[in-house]
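**Student:** Got a structure here, written out as structure tokens. Questions coming.
What follows is calculated from the coordinates using simple rules that are stated; it is not laboratory data. Owing to the predicted nature of the structure, the values given are computational and were not obtained by experimental measurement. Because the Cβ atoms are built from the backbone with ideal geometry, glycine has one as well, and the counts that use them run over all protein chains shown.
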């Protein structure tokens, strides 16, 4: 190409490409916007989205498996054994509840949303929900307490357990004493 | 005749009309710019301040009004404070010669267009002053670029204005508009009210001239693709980096007002100014204002449209465009138009 042809070619091409670009932007002026007006319109979360943890405490058997699975130790559980005269009922999955759960705390500020706590749960009581708007002004509000046991109930359960344990220990001691009091059976004769 | 108090008051009031207009127009254009920008990118822009965000420009201006006015310690205080006013005065003075309608023109001087070209150079001084007084290397770079660009593009602008002046035979914008009265076919873009054979011969040259005038005016007002003085990426916003609050707003206002000035002048020179495109239909003082502002706003929209389409030119490309493309083409047009008019 000669210099003159290049010169005019460049001018033509620059005008042509400007026209092409302007046509595209003009078309987009009438394309509906893709913006979602967030607080008014929300995107539906995917079915298996992992967001805020929720514990259905009625189903919890206090097995501590979620707490053990947690890589960041954000779940802390305390349990109190129930005594023989107490019936804590069964979970919705049919498991017998044997432990009181006076403390089931999740520090959601620590949570890394890995979901590893969800899989080991035998009663499927700890789940990931699709709630993602739970910002707080105070960090302490991020410590979620799921247990519904009151101080009184905890104290009652503890005293009952203590009593039961004492009784059991006494029984055991009595049994041991009884066993010691009885004469030893004669050793079997050698054939 | 010595001026009486009444005549002075009337003059002041009349000369304040464009100021009111600029403020209203700036609000509209700020909103238009953001909305057009957003929709061209399939976004929605302001939605939460009033209906579809119509109150956002007011909010922006309020914010700028109450912002702290900082002046760098090492800046040249006097020049720093003066610069935005110089820029705005340069822009506002240009409004004096724009005939808004057949009965209103700020100053009906014979050298209208010549005055415009002269006074718009004041903007360059203001920008250079602002950049220099900021005592900031990026600001001065921006200002130098701006000065180089505006001075270079003054030549294509002046030449294309000259072509329109050759056809209309007047430098007075009011007379230029009256020359084009009587409908769309009488516009200078289509050869003016001359014999048909002359018009047909003039047609290609007037079209090219108008295109070049529009391109050069984009560079004159520092709009994309010629917005080098305001390079956010490499110059940290350029000459107005150190400005804040009301002074920054003055630069902004001047830029937007400048957009209107160049559009209005291009419209007056080539597209009949306030004259109605339908001859006597819809013509009159009020319709005149409507036509001028309407036509100019179309070009303001075009500037916004181009801004959100094209990327910025490189400095050498900018100079190439001005000196090696626009100027030679205009010399050819100037020669050809002169020849045709003599024939």
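**Student:** Tell me the label-point distance for the pair residue B:331, residue B:108, using the 7 Å Cα-to-Cβ offset, in nm and rounded to one decimal.
**Tutor:** Placing both labels 7 Å beyond Cα along the Cβ direction yields 3.9 nm.
**Student:** Moving on to the next point. Could you work out, residue by residue across B:28-40, how many beta carbons of other chains sit within 10 Å of that residue's beta carbon, and then give the average as an integer?
**Tutor:** So the per-residue partner count for this stretch is 2.
**Student:** Using Cα atoms only, what is the angle between the long axis of helix B:112-133 and the major principal axis of chain B, expressed in degrees (0 to 90) to the nearest 10?
**Tutor:** With both axes taken from Cα atoms, the answer is about 20 degrees.
**Student:** Here's something else I'd like to know. Assuming R0 = 25 Å, can you tell me the calculated FRET efficiency for the pair residue A:48 and residue A:96, based on Cβ-Cβ distance, to the nearest 0.05?
**Tutor:** 0.25
**Student:** Additional query: Any idea how far apart residue B:185 and residue A:14 come out in nm if each label point goes 7 Å out from Cα toward Cβ?
**Tutor:** Reported label-point gap for residue B:185 and residue A:14 is 3.6 nm.
**Student:** Averaging sequence separations of C-alpha pairs under 8 Å and six or more residues apart, then dividing by the length of chain A, give the relative contact order as a whole percent.
**Tutor:** RCO, chain A: 23 percent.
**Student:** Once you have a ≥ b ≥ c as the square roots of the Cα gyration tensor eigenvalues for segment B:214-309, tell me rounded if a/c is under 1.5, and otherwise prolate or oblate according to whether a/b is larger than b/c.
**Tutor:** prolate
**Student:** Given labels modelled 7 Å from the Cα in the Cβ direction, how far is it in nm from residue B:76 to residue B:16?
**Tutor:** Modelled inter-label distance: 3.4 nm.
**Student:** Can I ask one more? Given the options A:152, A:62, A:21, which has the most mean-square fluctuation in a GNM of chain A, springs set between C-alpha atoms less than 10 angstrom apart?
**Tutor:** A:21
**Student:** Distance from the Cα centre of segment A:2-73 to that of segment B:205-227, in angstrom?
**Tutor:** Computed from Cα coordinates, the inter-centre distance equals 36 Å.
**Student:** Oh, and also: Where does helix A:151-181 land angle-wise versus the long Cα axis of chain A, in degrees 0 to 90, nearest 10?
**Tutor:** With rounding to tens, the tilt is 40 degrees.
**Student:** So, one more: So for the protein assembly as shown, Kirkwood radius off the Cα pairs, Stokes-Einstein at 20 °C and 1.002 mPa s: how many µm² s⁻¹?
**Tutor:** Working: Rh = 30.0 Å.
The diffusion coefficient I find is 71 µm²/s.
**Student:** Mind computing the radius of gyration and Dmax over the alpha-carbon atoms of segment A:1-75? Å is fine for both.
**Tutor:** In order Rg, Dmax, the Cα atoms of segment A:1-75 give 29.9, 87 Å.
**Student:** Packing-wise, with mean Cβ within 10 Å as the measure, how do A:77-85, B:198-206 rank, highest first?
**Tutor:** Order by mean packing, descending: B:198-206, A:77-85.
**Student:** Rounded to the nearest 0.05, what FRET efficiency do residue A:176 and residue A:154 have when you use their Cβ-Cβ distance and R0 = 56 Å?
**Tutor:** In this case the efficiency is close to 0.95.
**Student:** Any chance you could list the semi-axes, whole Å, largest first, of the equivalent ellipsoid that the Cα gyration tensor gives for chain B, using √(5λ)?
**Tutor:** After scaling each eigenvalue by five and taking roots: 33, 24, 21 Å.
**Student:** For every helix of n ≥ 4 consecutive DSSP H residues, a contribution of -39,500 (n - 2.57) applies; sum these over chain B, divide by its total residues, and give [θ] at 222 nm rounded to the nearest 500 deg cm²/dmol.
**Tutor:** -22500 deg cm²/dmol
**Student:** Moving on to the next point. Once a ≥ b ≥ c are taken as the square roots of the eigenvalues of the Cα gyration tensor of segment B:266-343, is the result rounded (a/c under 1.5), prolate (a/b larger than b/c) or oblate (a/b not larger than b/c)?
**Tutor:** oblate
**Student:** Kirkwood Rh, Cα Rg: Rg to Rh for segment B:1-66?
**Tutor:** Radius of gyration over Kirkwood radius for segment B:1-66 works out to 1.27.
**Student:** Along the Cα-to-Cβ line of residue A:143, 7 Å from the Cα, sits a label point; which residues in segment A:57-74 have backbone N less than 17 Å from it?
**Tutor:** Residues passing the 17 Å test: A:73-74.
**Student:** Please determine, in degrees from 0 to 90 and to the nearest 10, the orientation of helix A:3-28 with respect to the longest principal axis defined by the Cα atoms of chain A, where the helix direction is its Cα long axis.
**Tutor:** Between the helix axis and the principal axis of chain A, the angle is about 50 degrees.
**Student:** Same structure, new question: Tell me, what is the percent relative contact order of chain B, built from C-alpha pairs under 8 Å that lie six or more residues apart?
**Tutor:** RCO, chain B: 22 percent.
**Student:** Next question, about the same structure. Distances longer than 23 Å among the Cα atoms of segment B:110-197: what percent of all pairs is that?
**Tutor:** Pairs farther apart than 23 Å: 43 percent.
**Student:** With a cut-off of 8 Å between alpha carbons and a minimum separation of six or more residues, what is the relative contact order of segment B:1-66 in percent?
**Tutor:** Details: 24 pairs, mean separation 13.6, N = 66.
It comes to 21 percent, rounded to a whole number.
**Student:** Here is a further query. Using only the Cα atoms of segment A:27-163, construct the convex hull and provide its projected area averaged over every direction, in square nanometres to one decimal.
**Tutor:** 11.9
**Student:** Shifting gears a bit: Tell me, how many Å apart are the Cα centres for segment B:245-273 and for segment B:90-110?
**Tutor:** Result: 13 Å between the Cα centres.
**Student:** Taking beta carbons within 10 Å but only from partner chains, what does the mean come to for residues A:4-16?
**Tutor:** Counting other chains' Cβ atoms within 10 Å and averaging over A:4-16 gives 1.
**Student:** Which of the peptides B:116-122, B:322-328 is most tightly packed, and how do the rest follow, going by the mean number of other Cβ atoms within 10 Å of each residue?
**Tutor:** The packing order, highest mean first, is B:116-122, B:322-328.
**Student:** Please compute, for peptide B:43-53, the average count of beta-carbon atoms on other protein chains lying within 10 Å of each residue's beta-carbon.
**Tutor:** 2
**Student:** Could you please state, rounded to a whole Å, how far the C-alpha centre of segment B:133-161 is from the C-alpha centre of segment A:135-176?
**Tutor:** 80
**Student:** Ranking request for peptides B:254-260, B:171-177, A:27-33: highest mean number of other beta-carbon atoms within 10 Å first, then the rest in descending order.
**Tutor:** B:254-260, B:171-177, A:27-33
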